[in-house]
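Trainee: Shown below is the structure under consideration.
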Amino acid sequence: MKRIAAIFLVLCAAGSALAAERAVTLKDAPGKQTVEAMCSGCHSLDYIPLNSPFMNRQAWTAEVGKMINAYGAPIPQNDVATIANYLAANYGVQ
């Protein structure tokens, strides 16, 4: 019985390892590299398409500001517009 339990645990662990998360690929457009560099250092990029059905340009701009002001994201001020413009154009609602 202990042998069966041990085999079961090994199989569960192997299954978890095989179910690795796929990398999120953002849309190719101006600003993509800046978004990847500035955003992926703190969180997964899957938050971008996950939030996109709810975000317009104003909301994306506020979100970038929140990341800087509330969470201390090290985003240079001259990259804020690039990031917000990319997100609004490629993942925003019109």
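Read-outs: derived from the displayed coordinates by stated rules, not from any lab. The shown structure was predicted, so the numbers you read here are calculated from the model rather than taken from an experiment. Cβ placement follows ideal geometry from the backbone for every residue including glycine, while neighbour counts extend to all protein chains displayed.
Trainee: Work out Dmax and Rg for region 23-91 from the C-alpha atoms and quote the Rg first, both in angstrom.
Mentor: Here Rg and the maximum Cα pair distance are 10.7, 29 Å.
Trainee: Next question, about the same structure. Net charge around Gly92, counting only other residues with Cβ within less than 13 Å of its Cβ (Lys, Arg = +1; Asp, Glu = -1)?
Mentor: Details: positive: Lys27, Arg57; negative: Glu63.
Spelling it out: positives minus negatives among the neighbours equals +1.
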